[in-house]
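Read through the structure below, which is laid out as structure tokens, and then see the notes.
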Amino acid sequence: FTPWEDSTATPFIEFQNVTKRFGDFTAVDNLSLKIYEREFFALLGGSGCGKTTMMRMLAGFETPTEGSILIDGQDMHGVPPYKRPANMMFQSYALFPHMSVEANIAFGLKQDRMSKADIAARVTEMLRLTKLEAFGKRKPHQLSGGQRQRVALARALAKKPKVLLLDEPLGALDRKLREETQFELMNIQEELKTTFLIVTHDQEEAMTVADRIAVMDAGKIMQCATPSEIYETPNSKFVADFIGDINLIEARVVSKSEDGTIMDAPRIGCRIDSSQTTTVSVGDTVWYAMRPEKVRIELGETETPEINQVGAEVWDIAYLGDVSIFHSRVGEAEETSLRSTIANVTRLVERPLTWEDRVTLSWGRDAGVILS
Ligand code: ATP
């Protein structure tokens with residue numbers, strides 16, 4: 001399922017050069033984006049980057065200052081929220097406290113004057129979909145947070161919108177419930193084949209649920225790609241830093257050829273040979289971004305630093321259960337230069353590494369990406 005790779009595919013949702021200003025402040029900055037039918041799409045970014053504003057414009061609660069938004073080929077300019085084929089599930093859930101779960105789910109259907117029999121059938125279907133069969137007669141205050149979240153989801157889906165907009169939908173849930181609910185959301189989306197657009201600041205959540213992610217900063221999309229592309233080949237220092245743990249090594253380009261790029265990394269005291277060809281020039285300063293799990297760590301310090309290899313000393317170990325991250329002090333570094341060194345994830349060492357062990361860190365030619 002990769003419609004975005006097909007240049008002839010018709011997008012289901014399209015932002016065309018959309019700008020949103022609040023007074024002098026630009027919340028969304030000339031942004032274009034295509035989302036495809038049946039896609040589970042995530043807008044990911046820190047607080048204030050403009051992701052909620054994007055969603056509110058799509059739902060019709062805000063109007064773009066410039067540009068157009070199309071849903072299913074139709075320009076949404078002037079179309080009120082209730083006439084759009086999109087429905088939004090709010091972070092606060094906004095359930096009616098005095099109504100039962102069933103009545104909450106049925107609310108929008110009644111407003112649409114659906115027949116009683118059809119409403120009953122649809123409510124039953126939604127209760128099943130969200131695993132709430134046993135809770136139909138309860139009031140929201142008689143439910144757990146996770147159950148309330150599912151009622152909000154069932155209500156948002158009851159009208160079978162073509163697009164479901166989810167604004168930080170799992171924000172109020174604890175970690176374990178969040179993870180379970182992420183998988184439920186994916187199953188529900190799979191079953192309904194509805195286009196889901198989720199707004200989140202939680203990168204793990206975006207990586208788990210989404211087919212594609214747009215990473216936003218200051219009203220712009222920094223990168224729009226699949227979770228694995230964003231993780232493996234971030235296109236900028238910002239994205240590399242924002243997603244997961246990464247070593248960002250400052251380096252200078254020494255030479256380049258069709259075969260790759262050689263860099264000098266004085267702060268870690270070695271040369272970096274990368275298989276990546278790059279448009280940057282010899283002499284330019286770049287960042288070499290390398291995930292910790294791409295760095296091998298071995299007991300025993302190498303005598304002479306080589307290409308893609310340095311001696312180091314373990315100075316901090318973060319035990320995370322499935323992995324441990326080793327922070328190693330590289331070379332003769334003073335305290336001040338420790339932070340820019342190599343982190344590592346490893347289980348394959350002869351004996352458990354411990355603090356102050358002398359180690360050798362090494363990596364392959366395709367371990368990282370060069371970012372200018
Ligand atoms: P968060 O995760 O904190 O909700 P966000 O990325 O969703 O952040 P938005 O809600 O889209 O951010 O807001 C983007 C920027 O626009 C923020 O700086 C916010 O203060 C500003 N903004 C949003 N709505 C308005 C408004 N109605 N009037 C003025 N400024 C606004």
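The values are calculated or read from the model by the stated rules, or taken from the named source; none is laboratory data. Not measured: the values here are computed from a predicted model. No Cβ is skipped: glycine too gets one built from the backbone with ideal geometry, and neighbour counts run over all protein chains shown.
For this structure, a couple of remarks:
- Filtered residue count, the range 161-189, keeping only those that are away from the ligand (no atom under 16 Å from the Cβ) and touching a strand residue (DSSP E or B) at 6+ places or on another chain (Cβ under 9 Å): 8
- Tallying residues that are at pLDDT 95 or above and in a strand (DSSP E or B) within the range 64-112 yields 8.
- Residue ID - modelled with the lowest pLDDT, chosen from residues in the range 316-354 that are loosely packed, with under 12 Cβ neighbours inside 10 Å and within 28 Å of residue 264 (Cα to Cα): 336
- Residue match in the range 304-315 (condition: within 28 Å of residue 44 (Cα to Cα) and modelled with pLDDT under 90): no
- Contact map, the range 48-67: first residue among the acidic types (Asp, Glu), second residue near the ligand (Cβ under 7 Å from one of its atoms), Cβ cut-off under 7 Å, separation 6 or more or different chains; pairs are 62/53.
- Candidate set: the range 205-221, residues that are under 10 Å from residue 44 (Cα atoms) and within 16 Å of the ligand (Cβ to nearest atom); chosen: the one surrounded by the most Cβ atoms within 10 Å (Cβ to Cβ): 213
- Residue satisfying condition, being of a type in the set (Lys, Arg) and more than 15 Å from the ligand (Cβ to nearest atom), within set 38, 56, 21: 38
- Members of the range 19-47 that are assigned to a strand (DSSP E or B), surrounded by 22 or more Cβ atoms within 10 Å (Cβ to Cβ) and charged (D, E, K, R): 20
- Verdict on residue 213 being in contact with a Pro (Cβ under 8 Å, 6 or more places away or on another chain) and among the hydrophobic types (A, V, I, L, M, F, W, C): yes
- Applying the criterion of at least 1 residues that are among the aromatic types (Phe, Trp, Tyr) and in contact (Cβ under 8 Å) with a residue 24 or more places away in the chain to the strands (runs of 3 or more DSSP E) found wholly in the range 200-265 leaves an empty list.
- Some residue of the range 2-9 being over 30 Å from residue 172 (Cβ atoms) and in contact with a Gly (Cβ under 9 Å, 6 or more places away or on another chain): no
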